Amino acid sequence: MSETEPTAVEEIWPLFALRIVAGPLELRPVRDEDIPALVSMAAGGIHAPETMPFTFPWTDTPAADLGRTMASYYWRTRAELSPARWTVDFTVRWHGDTVGVQGFRTENYLVTGTGQTGSWLGRGHQGQGIGTMMRQTLCAFVFDHLDAQEVQSAAYVDNPASLAVSMKVGYSTNGQFREQRRPGELAISQQLTLNEPDLVRHDFDLRVDGLEPVRRFLGLAQGRTHRSR
């Protein structure tokens, strides 16, 4: 078998081999086979229709277009990924069931060591502590294994559930921005910052599979050594 002839997609795209497990929670980068379940969950509702928790109001997309829009987004983030600018969205599974998405996006990460989290859960899985645990898991992963120096987040001030998760995880407030949310609608975005010593960790150890190829893929093979916990 030649080294120049990969036999699995994970050899071509190492992120597909990345797996983060913490007790009943599993995070794996979104694969094509995950997209139908995520589309179905989003179509079933993520938030009340009169509210909009997202900077880009993607959940307002007509139902007939939602699947294509979501699939295009995941394909685009893969196509545009480079060490200089990357977004990784993880399918979140809880006791084996798909429940939502946890993401991390960054630019110039090799210089800044910082990026921003974003997430969503199907409405049937909200209010059970899953949102807090998946954010804790993602933050612990980037601090311990991807050399992050800081993690950022943001939430509109009329989204108390997201702000409550951030406070539970250990973020500090860091100013506010005035933004257009839906067309013609003003919203106040609360900015948040988390440093590693302030991270409130859950009680589960992280098990990370497929790490070293991902570090090389993101340009992290040299420099700081990842921590093990």
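The values are calculated or read from the model by the stated rules, or taken from the named source; none is laboratory data. Computed from a predicted structure; not experimentally measured. Quick reminder, even Gly has a Cβ in these numbers, built from the backbone with ideal geometry, and neighbours come from all protein chains shown. SASA here: full protein model, heavy atoms, side chains in, ligands and nucleic acids out. Shrake-Rupley method; radii C 1.70, N 1.55, O 1.52, S 1.80 Å.
Name, by its number, the condition in (1) surrounded by fewer than 21 Cβ atoms within 10 Å (Cβ to Cβ); (2) among the hydrophobic types (A, V, I, L, M, F, W, C); (3) closer than 21 Å to Ser40 by Cβ that does not hold for Val99.
The single condition Val99 does not satisfy is (1).
Evaluate region 104-118: report whether one residue or more is aromatic (Phe, Trp, Tyr), open to solvent by less than 20 Å² (accessible area, probe 1.4 Å), over 26 Å from Pro36 (Cα atoms) and touching a residue at least 12 places away in the same chain (Cβ under 8 Å).
Yes, there is a match, as at least one residue in region 104-118 is aromatic (Phe, Trp, Tyr), open to solvent by less than 20 Å² (accessible area, probe 1.4 Å), over 26 Å from Pro36 (Cα atoms) and touching a residue at least 12 places away in the same chain (Cβ under 8 Å).
Select from region 104-125 the residues that are part of a helix (DSSP H, G or I) and over 19 Å from Thr91 (Cβ atoms) and list them in ascending order.
Tyr109, Leu110, Val111, Thr112, listed by residue number.
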